Each structure stands twice: as C-alpha cells, then as structure tokens.
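Single-structure report; data block below.
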Amino acid sequence: MILSIALLGMRGQALKGHLDLLLLATLADGSKHGYAVIERLRERSGNAFDLPEGTVYPALHRLERSGLLSSEWSVVQGRERRTYQLTDKGRGALGEQRHAWDEFADAVASILAGTEWPATT
C-alpha cells in the first residue's frame, strides 16, 4: 500500500528542504503546466509525493521570481494554462543542487551503514 506524503512522517519533513530540487528535476525533461508537474512528481515517486496544489504552485511562482523558471500562458482546448520551463540559470541550479543532494545522500547512507564517508581507500 502506498501512503501519501502527509502520512509518511519523516519523508514529509525531509521534503521541506528539497522541494525546489524536485520541481527543477521534474521540469528538466521539458516544459509542463502546473498540474502536469504535480502528476509527474507523483508518477516518478511511485505516489510517495502526492503534493497539493497549495504546495506546488507557490513554489513554482517563487522559482520563477528567482529566475530559475520562466512561464508562458497558452490556451489549450479553450482553457488558459501557464506552462513552466527551466531557464539557463535554473539548469545550473539543478546541477548544483543534484551534486549537493548526491553528497548528502552518500553521507546519510554511510551513517546508516556504519561506514566512514567519504570512503577512504
């Protein structure tokens, strides 16, 4: 049984500092409207990150204000949609945040495994 992020306890707390990274990574493979971003996060996480619009849309707007995303309005089947895409600055930030995440995840894995990090040979 897959639990929503609200029921995951520790995972919900861990998400707080990493939402920007997740949103940038979700947009790395192409532009998407807000609801598609939410759906893609849900799909890629195996339903672990079932985030509400009230969490995702303000973060998308903040990332746009900071220059990491740009957006444009379009009309699809008579409905207006705002589509978001990474800027060059956003691609750079994604690379930096991925690197920082990899180091963090490796350090946590070392602690959990009872080994030293970085591994010495």
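Some points to look at:
- Surface share of carbon and sulfur [accessible, 1.4 angstrom probe, percent] for the range 48-117: 53
- Scattering curve values for the range 38-78, log₁₀ I(q)/I(0), Debye with Cα scatterers, q = 0.22, 0.23, 0.35 Å⁻¹: -0.86, -0.89, -1.00
- Heavy-atom accessible area ranking, 1.4 Å probe, most first, across 84, 35: 35, 84
- Counting only heavy atoms of the protein chains and using a 1.4 Å probe, residue 50 has close to 70 Å² of accessible surface.
- Kirkwood-based Rg to Rh ratio, the range 61-121, C-alpha trace: 1.31
- Those GluC sites (Glu not before Pro) in the range 16-121 that DSSP places in a loop and that have at most 14 other beta carbons within 10 Å: 116
The values are calculated or read from the model by the stated rules, or taken from the named source; none is laboratory data. Computed from a predicted model, the values in this text were never measured in an experiment. Every residue, glycine among them, receives a Cβ derived from its backbone with ideal geometry; neighbour counts consider all protein chains shown. Side chains are part of the model used for accessible areas, which takes the heavy atoms of the whole protein and leaves out ligands, DNA and RNA. Shrake-Rupley method; radii C 1.70, N 1.55, O 1.52, S 1.80 Å.
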